[in-house]
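Trainee: Here you go, one structure.
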Amino acid sequence: MLKIIHKSPGNFVFEDVPKPELKNGEALVEVKSVGICADEIYTYQGKHQDILPLPAVEGHEFGGIVKEIKGESKKIKIGDKVAVFPLIFCGSCYYCTHGLEIDCGSMNYFGTQMIEGGMQEKIAVPIDNCLKLSKDFDIRYASLVEPVSVANHTVGKVKDSNIIINGVGSIGMAMLEIAKAHNNRVIAVDIDEGNLKIAKRLKADLVLNFRDIKKDEKIKSFLKTDKVDVAALSFFNQETIDWVIDIVKKHGLIIAMALPESNLLKLNFWKFIEKAITMRGSIGYSLEEFEESVEMVENETISAGELVTRMFPLSEVKEACEYKIKNNALKVILTN
Ligand SMILES: [Zn+2]
Ligand SMILES: [Zn+2]
């Protein structure tokens, strides 16, 4: 079977290897859907190599069909369609034993140097990490559950508020749809007019180009107040931080979930303190949030067809990365 090793930035090596041997408690999943994430684009371009070292078999967003099971399984059976929960918690550290698995200090992550990911035809996965999808689910979209979980962890608890979502790429779009489902008024901000058109179709209440110098006025006249409760940043840089610290209300919340180009940005601490702003980082998701996301993809709270720009065969990973970069595409999925 095919296994794709990302050896060095942009250099994929295709290996023909035997299918993995299962350990007790594992399922063999035939991969049918792998999402290309910003992480894979970073490694492709040689960025953030300290956080995302190569070589690796990438692909943390994936799902497929269960082909074999070793050991007892109540959750899944052979032939089931599954989305794979790609985090493995140690189960014994302070966080894991206090219901805070997401902060596990020894967490492993599929698709990194720690554990091979979905960029191969078949993969061994712990049974507990396989989340069953319905029989008639279009399996090519199974990998979408992961980025939706990232969005769910970021904004899933924000309700009945005025929220800015800065950066409507695929995760930003998912944040938009989740925020709408929770009775928020959503202002989508981006510099890509194409993305803003999609945000409008996904029922953003107001869409604004970040470059629009009248955007603050437009927000105020739309909200009939200047109270932006939350700014969720799925893209940000210095300019974004300077803007949101101004635009959020007193006691407002800023949530940062993406990696900025540079890890070191400046913050106007006087505004931050004077307005008693809360700022929090957001990474990963719990199993519960992942399960909720399975449901949101299946019940079409999430518009899979809008979030996925294009699909490529697994073997065209390089073409898919090039396409995503050149077209600033939303989600690009590899299928098998
Ligand atoms: Zn991802
Ligand atoms: Zn742990």
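Trainee: Looking at (1) closer than 29 Å to residue 181 by Cβ; (2) under 20 Å from the mean Cα position of the chain (by Cα); (3) assigned by TED's automatic domain parsing to the domain that holds residue 219, find the lone condition where residue 292 falls short.
Mentor: Looking at each condition in turn, residue 292 falls short on (3).
Trainee: Out of the residues in the stretch 89-115 that are within 16 Å of ligand 1 (Cβ to nearest atom) and under 18 Å from the mean Cα position of the chain (by Cα), which is nearest to residue 285 (Cα to Cα)?
Mentor: Per the stated criteria, the residue is 102.
Yes or no, residue by residue, for (1) more than 16 Å from ligand 1 (Cβ to nearest atom); (2) in contact (Cβ under 8 Å) with a residue 12 or more places away in the chain:
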{"position": "167", "(1), (2)": "no, yes"}
{"position": "183", "(1), (2)": "yes, yes"}
{"position": "188", "(1), (2)": "yes, yes"}
{"position": "193", "(1), (2)": "yes, yes"}
{"position": "197", "(1), (2)": "yes, no"}
{"position": "204", "(1), (2)": "yes, yes"}
{"position": "208", "(1), (2)": "yes, yes"}
{"position": "211", "(1), (2)": "yes, yes"}
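Trainee: Determine, yes or no, whether residue 82 is buried (at least 23 other Cβ atoms within 10 Å of the Cβ), assigned to a strand (DSSP E or B), in contact with an Asp or Glu (Cβ under 7 Å, 6 or more places away or on another chain) and hydrophobic (A, V, I, L, M, F, W, C).
Mentor: On the way: buried (at least 23 other Cβ atoms within 10 Å of the Cβ): yes; assigned to a strand (DSSP E or B): yes; in contact with an Asp or Glu (Cβ under 7 Å, 6 or more places away or on another chain): no; hydrophobic (A, V, I, L, M, F, W, C): yes.
No.
Trainee: Something else about it: Of all residues in the stretch 91-116, how many are touching a His at 6+ places or on another chain (Cβ under 7 Å) and assigned to a loop (DSSP other than H, G, I, E, B)? First the steps, then the outcome.
Mentor: Filtering the stretch 91-116 down to residues touching a His at 6+ places or on another chain (Cβ under 7 Å) leaves 109-111.
So of that shortlist, the ones also assigned to a loop (DSSP other than H, G, I, E, B) come out as 111.
Residues in the stretch 91-116 being touching a His at 6+ places or on another chain (Cβ under 7 Å) and assigned to a loop (DSSP other than H, G, I, E, B): 1 in total.
Trainee: If I ask for residues that are under 18 Å from residue 146 (Cα atoms) and not aliphatic (A, V, I, L, M), which ones from the stretch 310-323 would you list?
Mentor: Residue satisfying the conditions is 310 alone.
Trainee: Output the residues belonging to the stretch 269-286 that are under 26 Å from residue 108 (Cα atoms) and among the small types (Gly, Ala, Ser).
Mentor: The initial filter retains those residues of the stretch 269-286 that are under 26 Å from residue 108 (Cα atoms), namely 280-286.
Passing the criteria: 281, 282, 284, 286.
The values are calculated or read from the model by the stated rules, or taken from the named source; none is laboratory data. Keep in mind that what you see is a predicted model, and the values were worked out from it rather than measured. A quick note on method: Cβ atoms are made from the backbone with ideal geometry, for glycine too, and the neighbour counts reach across all protein chains shown.
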